[in-house]
1. Hey, among 281, 205, 244, which residue is out of contact with any His (no Cβ under 6 Å at 6 or more places or on another chain), of a type in the set (S, T, N, Q) and under 30 Å from residue 70 (Cβ atoms)?
2. If residue 110 passes every condition in (1) closer than 20 Å to residue 174 by Cα; (2) in contact with a Gly (Cβ under 9 Å, 6 or more places away or on another chain); (3) exposed (fewer than 15 other Cβ atoms within 10 Å of the Cβ) but one, which one does it miss?
3. Looking at this structure, is residue 139 assigned to a loop (DSSP other than H, G, I, E, B), out of contact with any Pro (no Cβ under 6 Å at 6 or more places or on another chain) and of a type outside the set (D, E, K, R)?
4. Across segment 68-100, what is the total count of residues that are within 20 Å of residue 228 (Cβ to Cβ) and either among the aliphatic types (A, V, I, L, M) or touching a Lys or Arg at 6+ places or on another chain (Cβ under 9 Å) (or both)?
5. Residue 245: at pLDDT below 95, among the charged types (D, E, K, R) and assigned to a helix (DSSP H, G or I), yes or no?
6. Within segment 51-68, can you find the residues that are without any contact (Cβ under 8 Å) to a residue 60 or more places away in the chain and β-branched (Val, Ile, Thr)?
7. Take residue 108 and decide whether it is under 16 Å from the mean Cα position of the chain (by Cα) and among the β-branched types (Val, Ile, Thr).
Amino acid sequence: MKKLVIFGVGLIGGSIALALKKARHTAEIVGVGRSGESLQAALELGVIDVATSDIAAAVRNADMILIAAPVAQTASILNAIKPHLAASTVITDAGSTKGDVMQCAQEVLGSQFSQFVGGHPIAGAEKSGVKAAMADLYAGKNVILTPAAATDSQAIQQVKSLWQACGANVSEMTAATHDSIFAAVSHLPHLLAFALVDDIASRPNAEQLFGFAASGFRDFTRIAGSHPEMWRDISLANRTALLNELEAYQQELRKLQELLQSENAKGLEALFERASIARNNWGESRKQNQ
C-alpha cells in the first residue's frame, strides 16, 4: 500500500496512522476532516503526512480509504468519494455499528460495494481527538471485520493486513451478529454509565454526591466521559438491538427490586454469586489471552 487516506484523524484514525509509522510502514498517509485546526494539529504532531480538504485530490491514486469519523457521517463521506474512486481502491471503516454502515455502503457504492470492508476496532479511550492518539492503541486488541457475501477477498485481506500491521488480532463475523453482541457488551454499558451520571448530576445535592463518590463510582462511570456525538450516533444506529438489551436489563432490575422488597437475602446472594463468578472467570480469561 502506497497511499492511505483517513477521513477523521482523531483518536481512532490517528492511532492507526501512528501505529503504521511505528511499524515503519511506508504508505503516505493523507488526512481529511471537518476541522482545519484538527488536521493542522495532526500534521504538526507527525500523525499524517498530508492534510487536505480537497476530496478529489485526497482520493486520487489511493490504495485504501479509511472512514474513522462518527457513523452518522458515513453516507456523506461515501457520496463525496464515490465520483473519484479508482476500481482498485479499497474502502473500510472503523465504526462501532455495522448493519447500518454496510447497508449504506451498498446503497451508495453500487457496483463498487465489493471493495468495501466493514470494520470495528475494539479499542478506545475516554479522550478523543488526534492529541489522544497512541501508536500502541491496537496492540493485542481485537478488530472485527464484517464483509458481505459480495466483498472481494483481496480487499478483505488488505484491510486485515492493515490492522495486523497495527498489532491487532483480526476476526470476521456478520454485521447482524456484530451489532447484537456489541449492543449487549459495549453500547448498553455506555448508556447505563451516561444515565447514572446524568441522574446524579441533575439532583439538588449533586455536589455533595460527587464529593463522596469513590472508586466504585469512578470505575462504573469511567466510560461516561466518552465522546457524546459518537455515542449519540452509535445509539441511534443500533437502536433496535439496544432497545432489546435495555428491556432485558430492566427485567434484571425488576428482579433485584423484587428481591429487595421481599427482603430475600438468599435470592440476592445467589444473584450476586452468579454475577461474581461470571465476572471473575471473564477477568481470568482475559489475563490468560493477553
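1. Values: 281 fails: under 30 Å from residue 70 (Cβ atoms); 205 fails: under 30 Å from residue 70 (Cβ atoms).
Selected residue: 244, the only one of 281, 205, 244 that is out of contact with any His (no Cβ under 6 Å at 6 or more places or on another chain), of a type in the set (S, T, N, Q) and under 30 Å from residue 70 (Cβ atoms).
2. (2)
3. Working: assigned to a loop (DSSP other than H, G, I, E, B): yes; out of contact with any Pro (no Cβ under 6 Å at 6 or more places or on another chain): yes; of a type outside the set (D, E, K, R): yes.
So residue 139 fits the description; yes.
4. Total meeting the criteria: 7.
5. Numbers: at pLDDT below 95: no; among the charged types (D, E, K, R): yes; assigned to a helix (DSSP H, G or I): yes.
Judged against the criteria, residue 245 is not a match.
6. If we filter segment 51-68 for residues that are without any contact (Cβ under 8 Å) to a residue 60 or more places away in the chain, which is where we start, we get 51-62.
Scanning segment 51-68 gives 52, 55, 59.
7. no
Residue-wise test of (1) β-branched (Val, Ile, Thr); (2) at pLDDT below 95; (3) in contact with a Ser or Thr (Cβ under 9 Å, 6 or more places away or on another chain).
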| position | (1), (2), (3) |
| --- | --- |
| 3 | no, no, no |
| 9 | yes, yes, yes |
| 16 | yes, no, no |
| 26 | yes, yes, no |
| 30 | yes, no, yes |
| 35 | no, yes, no |
| 40 | no, yes, no |
| 44 | no, yes, no |
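The values are calculated or read from the model by the stated rules, or taken from the named source; none is laboratory data. Remember, predicted model here, so these are calculated numbers, not experimental data. Positions of Cβ are generated from backbone atoms using ideal geometry, with glycine treated the same way; all protein chains shown enter the neighbour counts.
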